[in-house]
Amino acid sequence: MRPLLFLTATLLLQACASLPEDFPQQPSEAWPEPTATQLGAFFERHVPETGPRSGVILVADPREAFRARYAFASLAQRTLDLQYYLWKGDLTGRLLLWRALEAADRGVQVRILMDDIYHKGRDKDYATIAVHPNIQMRVFNPMGNRGIGRTGNYVLHKKTLNHRMHNKIFLVDNAVAVLGGRNIGDDYFGIDPELNFHDLDVLAVGEAARQAGSAFDLYWNSRHAVPISVLYQDPVDVTDLDLLRTDLEMNLDDALEEVPYKVPHEIDAVRDQLEDLAAALIWAETEVVVDPLDRFEGGEESAFVVLGRLLRDEAREDLTIQTAYLIPNGGGIENIAHMVDNGVRVRIMTNSAQSNNHLSVHAHYMKYRKPLIESGVELYELRADAELLNHYREVDNRIVDSHAGLHTKAFVVDSRISVIGSYNMDPRSRIWNSEIGLVVHSEEFGAVVKAEMDEEFQPGNAYRVELDEKGKLLWTIDTEDGVERWTHDPGTTAWRRFITRLISWIPVENEL
């Protein structure tokens, strides 16, 4: 028994581990003179003489989303600020890591801020990157124990560690920002062999990019942003960094060949595309909405709950929503019913049982489908075999058998106001996570977003969920041969539906 007791005591002590109260943290800010950089100066020349000073482009194509990040990082001159909830170590993750390291090698100051929840075992990698004199690496709201007691540490400190940073910012020279729902990984950029998400980003220049820089600084300079040197204190030196750089560079050409679409990596080719990009910009009033840091202290409600109440009262004609995860407790259905009663058409699209990558979320979402429909919502669920992937399947054999998933977090009010960001309509976003989004006041931009959404509401991409004459759920799609119907979640087995129902009884809804 002694070894067992010793092991138990050791695990308990590790689970109780906490971070030091005082650690070195040098404050810094986004580059203060973006127009003094080549990107900032270029887009400044395209700002209209009068009117809004933010230029925006919707980025719906996952491959364009990767191209944009990869290309703009190559043009960074002063700063590259990267804030993410999840950064995978797969093909696209390694390519973007190399791009950041390449930028640092030519003198760009790189700041990387990562949430801690999904990065177990990667402290040495982070510490190795931070050896570079031009790279700073911080981990947001990290767990005190970094090893075997990590799970226990999370359980014992759940009140604070359950708060996660879900923000996503890719910011170059404080002049160009990519904001939206995408993390960094193959499944967000259209090349994963099993699952490929549909998502929306917005590329923003001018004032909107500077607003994103302020949002980044808010979190970067927080006491919750812990330098990797505090978390990982084993020796790491320039030799380790050189090995990492060599590994990335040796495989660079092969990696670019693996990407099944052309990625602009020559600087001149990237610059040549800027004029086309500038011509496509929509100039609009914008506002970056970001949750206050008090969220991590148990105070202040979500900035997006406040925004939702404002937009609820703004809506006159229609509200179109896409959300990867939909659990509208906490007054969500009441707010929607209020709009419907005022004559507003409300359409919501989320994941189906097959396309949802979190079974627990689907289990708790199920109980809200009927109330949503009864409140007047037109409810849709993404098909796992959605046609939106067909084009990519035709050009990439590896993803022929992959299925579609919805990761978008966006809504449009009357085509006048669009919100693209990281906020889902679920308790995790509403209660626990910090989130960010760009609000765009523009009918032109709203029409673009709505057209993209409308395509995904089509029968080839989504099921319409309705109630039959007996008040039972019914899934339908219109086909050339008539209406196809299902009386249970399409594509699921009785066993899977049974397990999902059991999960729905577990009282964890406010954790999802």
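All of the numbers you see were taken from the coordinates with simple rules; none came from a lab. Nothing here was measured: the structure is a model prediction, and the numbers come from that model. We place every Cβ from the backbone using ideal geometry, glycine too, and count neighbours over all the protein chains shown.
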Which residues make up the longest stretch of the chain clear of trypsin sites (Lys or Arg not before Pro) that lie in a DSSP loop with no more than 15 other Cβ atoms within 10 Å, not counting the sites?
317-469
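Taking every DSSP beta bridge that has both residues in segment 291-511, what percent is antiparallel when rounded to the nearest 5? Let's see the in-between values first.
Working: 27 of 38 bridges.
For segment 291-511, the DSSP antiparallel bridge percentage is about 70.
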Find which of 337, 406, 504 sits farthest along the positive direction of the dipole of segment 291-511, computed with +1 on the beta-carbon of Lys and Arg, -1 on that of Asp and Glu, about the Cα centre.
504
Compactness index (Cα Rg / 2.2 N^0.38 Å), the chain:
0.99
Taking every DSSP beta bridge that has both residues in segment 27-280, what percent is antiparallel when rounded to the nearest 5?
65 percent
Holding the Cα-Cα limit at 31 Å, pick out from 120/370; 262/450; 370/409; 158/472; 159/409 the pairs that are longer than that.
120/370; 158/472
Residue-averaged [θ]222 nm for the chain, counting only DSSP H segments that reach four residues, each worth -39500 (n - 2.57):
-10500 deg cm²/dmol
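Considering only the other residues whose Cβ falls under 11 Å of the Cβ of residue 356, what net charge follows from Lys and Arg at +1 and Asp and Glu at -1?
Result for the local shell: -2.
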Quotient of C-alpha Rg and 2.2 N^0.38 Å, computed over segment 27-280
1.00
Any idea which of 222, 189, 211 is furthest toward the positive side of the dipole for segment 158-224, if Lys and Arg beta-carbons carry +1 and Asp and Glu beta-carbons -1?
222
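Taking square-rooted eigenvalues a ≥ b ≥ c of the alpha carbon gyration tensor, is segment 291-511 rounded, prolate or oblate, where a/c under 1.5 means rounded and, failing that, a/b exceeding b/c means prolate?
rounded
Roughly how many debye, to the nearest 20, is the charge dipole of segment 223-301 about its Cα centre, given +1 on each Lys and Arg Cβ, -1 on each Asp and Glu Cβ, and no other charges? Please list the in-between numbers first.
On the way: 5 positive and 22 negative charges, 32 e Å.
That gives segment 223-301 a dipole magnitude of about 160 debye.
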In whole Hz, with x marking every Gly and Pro, tabulate ³J(HN,Hα) for segment 383-390 from phi via Karplus 6.51 cos²θ - 1.76 cosθ + 1.60, θ = phi - 60°.
7, 5, 9, 4, 5, 4, 8, 4
Given Cβ charges of +1 for Lys and Arg and -1 for Asp and Glu, the option among 100, 54, 121 whose Cα lies farthest towards the positive end of the dipole of segment 17-152 is 121
Given charges of +1 on the Cβ of Lys and Arg and -1 on the Cβ of Asp and Glu, with all other atoms neutral, how large is the dipole of segment 27-280 about its Cα centre, in debye to the nearest 20?
1240 debye
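When the dipole is taken about the Cα centre of segment 291-511, and only Lys, Arg (+1) and Asp, Glu (-1) are charged at their Cβ, what size is it in debye, to the nearest 20? If you can, show how the numbers build up before the last one.
Working: 24 positive and 38 negative charges, 158 e Å.
I would put it at about 760 debye.
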Would you work out the relative contact order for the chain, in percent, from Cα pairs under 8 angstrom that are 6 or more residues apart?
17 percent
Which of 84, 368, 118 has the fewest Cβ neighbours within 10 Å, and the rest in rising order:
118, 368, 84
In segment 312-390, which GluC sites (Glu not before Pro) are in a loop and have at most 14 other Cβ atoms within 10 Å, using DSSP for the loop call?
317
